[in-house]
Amino acid sequence: MNLTQKIFVLALILAGLFACREKYTPKPREFFRIDFPEKSYHPLQDGFPYQFDIPDYAKIVAYSNDPEQTYWINISVPANKAEVHLSYYKLSNQQIPGRQLLNKLMEETRTLAYKHTIKADAIQEQVFMNPAENVYGLIYRIEGNAASPLQFFLTDSVNHFLRGALYIREVPNIDSIKPVIDFLEPDIIRLIETTSWN
């Protein structure tokens, strides 16, 4: 090998060594894109002691076969792995007097909401009143990596008590489920605002 060939090979090796000096940057973590349907609503079917609007993309699933829990339902949104659990209590005709049962149920709802303080960044309470339909209640917005980001109860203080909680069937990582919560929260607020008693 002559001198020219040696210089050419050496230049080629040096060019190869310096040409491969790229900075490596790892790709950022990505989340799935979530497509949301257009919002439209219809009234809950008859046969319940309560009435409200539900989204067209949701379906009603019976929660229990227990005769004391006849009107307990889940409003399921399968596309978003979300459910709103609704439990209903009749305040009259119970073994516990109505006012005592109402106080017990309101305290249970508060306890269930505040069980999330371990993971929650904050819990905001908002009073709800609709005197025209005789519906009053409290909404709990639970911020952070909590299993249930929104809970509420509604009552007429005499006959009816309805408790609700939103659950998303995913690991509660607020960065990934926040778009779903933001999408479903107006549906739950609409449910609350359109509630009436039968």
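Condition (residue is at pLDDT below 90 and more than 21 Å from Ile189 (Cβ to Cβ)) applied to the stretch 71-80: is it met by at least one residue? The answer is no, given that none of the residues of the stretch 71-80 is at pLDDT below 90 and more than 21 Å from Ile189 (Cβ to Cβ).
So that you can scan it fast, the table gives a plain yes or no per residue for (1) of a type outside the set (A, V, I, L, M); (2) in contact with a His (Cβ under 9 Å, 6 or more places away or on another chain):
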residue	(1), (2)
Leu102	no, no
Met106	no, no
Arg110	yes, no
His116	yes, no
Ile123	no, yes
Gln126	yes, no
Asn130	yes, no
Val135	no, yes
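Filtered by the rule that a residue be in contact with a strand residue (DSSP E or B) (Cβ under 9 Å, 6 or more places away or on another chain) and assigned to a helix (DSSP H, G or I), the stretch 168-182 gives Ile174, Ile177, Val180, Ile181.
Could you tell me whether Leu138 is under 25 Å from Leu101 (Cα atoms), within 16 Å of the chain's Cα centre (by Cα) and among the aliphatic types (A, V, I, L, M)? Give the steps one after another, and end with the answer.
On the way: under 25 Å from Leu101 (Cα atoms): yes; within 16 Å of the chain's Cα centre (by Cα): no; among the aliphatic types (A, V, I, L, M): yes.
For Leu138, the condition - under 25 Å from Leu101 (Cα atoms), within 16 Å of the chain's Cα centre (by Cα) and among the aliphatic types (A, V, I, L, M) - is not met.
Only residues that are surrounded by fewer than 12 Cβ atoms within 10 Å (Cβ to Cβ) and modelled with pLDDT under 90 were counted across the stretch 101-119, and they come to 1.
The values are calculated or read from the model by the stated rules, or taken from the named source; none is laboratory data. As the structure is a computational prediction, the values presented were derived from the model and not from experiment. Every residue, glycine as well, gets a Cβ built from its backbone with ideal geometry; the counts of neighbours run over all protein chains shown.
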